[in-house]
Each structure stands twice: as structure tokens, then as C-alpha cells.
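Please treat every number below as a calculation from the coordinates, not as lab data. What you are looking at is a predicted structure, and each value in this text was computed from that prediction instead of being measured. Glycine gets a Cβ as well: all are built from the backbone with ideal geometry, and neighbour counts include every protein chain shown.
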């Protein structure tokens, strides 16, 4: 059994939108004010879960990444280009645009619920999709790299009125210069044996096992 894992860059005031400035907002570009170091490689420390899991994207994030990652090579870029990628979209995708990509068939929430029974589902960016997964009680873990910046505007990760309980399993510097921090928050998911489906429970003991929570 896997987890639905959300990874996001965020500011101190919780903004996750336009980290690289590609949307031209007034607050955009905050993740690159300290150079490429804090955003390069596996800063979310997913490790083997990147290799054995699957990535899930919203349409806009996938289109942006499909323009960037195929032009890169070596190390983490090779891994990003090799892993299977699914896209929540009604219009399909061009698999040739980014290797290993295909559209989710049907409801992406049902797909994620079913897929995590087999392996980890890593959701990168894709805020609208993340909020839909959270509203459906499907997010098992958040991995957040926080930048020491307050932008005062933009979209926050958590929607108003969407309550949930998690446990911190890791908090520490995300890069060698300690410019950013990595926080991992997860919950234990218990299986409802009555046959009515899974229930996420947050009042269990804290999950142990380092940054991965395993």
C-alpha cells in the first residue's frame, strides 16, 4: 500500500502559487531569489519513492514541466524524465511531449484512491488538484520546502474551511546553506474492515522512521 504525497514549495505566509514567476504575477519568482540551489535535485527527499511510485499532475503544471524537463539530463533530471507520469485532464496529453506521460482515464480522485493501493502517488504543484484530493480526504502526506519569504499575496496551499489533522515526522534544513526548511507532515491511514472504505485517522501514535515517515 502506498500514500498520496503532496510536495510543494511554499513561503512563510503559506503561498504556493507562481514560485518561478512563469505566470507573471506580482508576487511570483519567490523560489528563485536565492539561486537555483534551493530548488534543485531531490529537496523533498523522496528517495526510493520517486523510483517506485508514480507522479500525478494537473494539466497546467504538466504542460509547464513538459517544456522544461525533457531538455535536461543527468541525475535528478534523468529520474524525472523516466518515472511514470499521469495527468488529470479531460482533453488528453501528447505522450511524446514528456516521456512516460499519459492522461488519467475517468475521475482522477477515484484513480488516486485506487492507485495508492499499489504504490505511492506523488503530486507535484497542481494546486487545484491538490485541493480536490484534500477535500476528498485523500492526502496522506505533505512535504513542504519553505522559503524565508513573505509575499503577502497569492494562493495558499490549504483552502478555507478544509480542516485536517497531521503529525510532524520531520523538520530541518532542506539545503546545505539552510536557506530553506523541509517539513514532513503525515497521518496514519487505517483500513475500515467493514467494507465501507478507508478511513484516515489522526489520533494514532506518531509515525516513526525518519523523514519518510516509514
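A few comments on the model shown:
- For segment 53-110, radius of gyration divided by Kirkwood radius, i.e. Rg to Rh on alpha-carbons: 0.96
- FRET efficiency estimate (nearest 0.05) - Cβ-Cβ, residue 107 to residue 36, R0 41 angstrom: 0.65
- The chain: Cα Rg divided by the 2.2 N^0.38 Å rule of thumb: 0.99
- Expressed in units of 2.2 N^0.38 Å, where N is the residue count, the Cα radius of gyration of segment 31-137 is 1.07.
- Rough spin-label spacing in nm, given labels placed 7 Å along Cα→Cβ, for residue 188 and residue 12: 3.5
- Fully extending the segment from residue 48 to residue 117 would add 23.1 nm, taking 0.36 nm per residue of separation and subtracting the current Cα-Cα distance.
- Equivalent ellipsoid of segment 1-47: semi-axes from √(5λ) of the C-alpha gyration tensor, largest first, are 23, 14, 9 Å.
- Cα centroids of segment 133-179 and segment 48-114: 21 Å apart.
- Descending semi-axes in whole angstrom, ellipsoid equivalent of segment 91-174, from the Cα gyration tensor: 26, 17, 15
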